[in-house]
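Taking it in order: structure first as structure tokens, then the write-up.
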């Protein structure tokens, strides 16, 4: 049996350090918000065989005077971001870029040895993706995202307090709920802090799917925490040991399961991060990080907290 | 047994196309000796990000409406947009009304697989407004002064020309040739006897009586057959040069009929000028609105003029519209009534008589396609409230395909690793749970198809994650099973206890996931909704498979056989506590 609970000071310290670092990242840099939240347009364009470079693309749409334009080359396309979100702007950007593409890839129908189809394929200009979001929608989503995270936190804590209502000794059932809440909050902040870091140095934006990822992490993390607490619930009445040792025994009994479960999920997520489509890559990464720390917190934070709380109560008496 | 039936049914639904192919190949290989019955292929409903398409979000301007009417108005907007989208042949467009927390009303339109988003946006945003307008006499009067000089010039020219032609006609030049050269298009006569004589008309008025057309007949009735009247006949609308071709008694009646030929030169009025100006550029305001608009329309259809085959749009009004139309035509007999579309006149016919019955025909210079479009737009009606596009997301079809391929590949690799891990770590139960998971996968996919759940990229992620949760349920059970064995329980009992003790954990932990899913569904961005719905269904199905499928698989194994090959389940044989890590070999 590992002495996990006994070494709780180490684990809680690690959590505190991570938590404080994450808070620092968030307050110092903040998240790099995607257009989902800020409003604006994101346009992904694929050019023909003869690709223009970033400068040429920027030059081509210079006259349109787009607000806070960024042009970013991707694997075989360009991603343009700008603040304007009207359909007219969208169409004029497309027209300009199409012109650029045509000048770069002139269609030579008479070209010998190449069929017409092949020539047009070389010239292919395609709008892969376009998203335009009005500023009001963006604001609304920000609000909604925060609300839903808070709502999930509260709902989960309430459910745990309810599920453990029959356990009252030595600590009350609502304390299980609060311990879970603290662990969940810890996970959320660390994931957000991690993405603040990614946003600062790699320009990775967060969008609505990031919110979904955070919410899922909450669900998963609480999953782990409940399995441990459930074992505590089962062991407490029949255990001859004191509270601390009973909890340590429960954590140990569920350790393999916690690690195995997280590992299987992380296998899947890791393969999505490596091979998955660009649009869910960061979604999977957020889940990956979140589930890692979710597992950590359920073993090394939530259960130790119960013991700390119980000891505090005893001292007070 | 039940499990096998469910699993087979699920397999047939989720893999229907493969099964049919297999059935084909078996039939082919055995020369139709063995023919398996075909199953219906149920396709997945793919989301916008997977098949390409557009999501458009509109905000409706409902400021002017009282609170009680807002919902009805929005429902109207939704219907109109849906009808307009249907013209594009988008398969299963989704149009929803959404009220935001801040009280704004939104319409979300999802157009899967649409080719021309630009055109769709144009079409949805437009408010085709069909109006019937009549001449505004007060406006005409006020502009008459300005135009009077121009009018005098025009009429002087007309008069001069008329005199010249009269002289030629009286001299005995070929009247038919003169008529063809000089007759402008216009209406002559009133009511049922009115006829239109055009530029190519030889001026033949056919047989008329004095009653019908006294102005022309009276001066010429005493002429000899074939004679041209020596003066110009001036009527309200034109100068006429008239030739009496023939005269006779109408059959069986004592009424004289006169066969006349006529060359006419219009006398312009201020109203004519106004009309001419209006048809030249539609921005003229000398038309005033009647109450009749497109909303009084029952339907519009395209048909073709039986005479010249040109396309026209037939309108049919509802009861109120028919009444209004009757009133308008009644007060505008012999006057023009204009049909305006979006503020531009598309047709300005002259009313010949009061039209009852609520039917009208719009002719104009349109092509068949334009006529069809007009009819469609009239049928889809006008938007009850103005809307504006606030958000748009378009995914090209090729990007969608690429994402699907990548994500499916990633999912499969991940699952293969999970399966390997389960089998290595948990041995026989691991293998059984992989079997249970495969059944789980098929059942989920079958439900996704039948529900149907819209599959998005995030939805696939949700599904993959739910597989993770399903694995978790199995792991919980097996860990518990090992523990019970360690505590010295015999196998059959250990299996039972393992399941029953693991259940509270599975239930509670999945329940929290379900809570999260409901919050996510409320979060209402379609992408996230897709994720939450698949995860929710996945979690519910996973509880079912873990408890029923895995358990029964284990039970099916004969106890004796399992005891003999105990190592298949675990290396633990007695009460001795074994630290879990040492089991990793």
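Helical runs assigned H by DSSP (4 residues or longer) give chain A a calculated mean residue ellipticity at 222 nm of -23000 deg cm²/dmol, each run adding -39500 (n - 2.57) before division by the residue total. Just check region A:245-317 against the gyration tensor rule for me: Cα atoms, a ≥ b ≥ c as the square roots of the eigenvalues, rounded for a/c under 1.5, and otherwise prolate or oblate depending on whether a/b exceeds b/c. Oblate shape, in that a/c is at least 1.5 and b/c is the bigger or equal ratio. Quick one: grab the alpha carbon gyration tensor of chain A, order the square roots of its eigenvalues as a ≥ b ≥ c, and give me rounded if a/c is under 1.5, else prolate or oblate depending on whether a/b is larger than b/c. Here chain A falls in the prolate category.
Peptide B:469-479 has a mean shielding of 5, counted as Cβ atoms of other protein chains within 10 Å of each residue's Cβ.
No value in this document is a laboratory result; all are computed from the given coordinates. As the structure is a computational prediction, the values presented were derived from the model and not from experiment. Please note: Cβ atoms are built from the backbone with ideal geometry, for glycine as well, and neighbour counts cover all protein chains shown.
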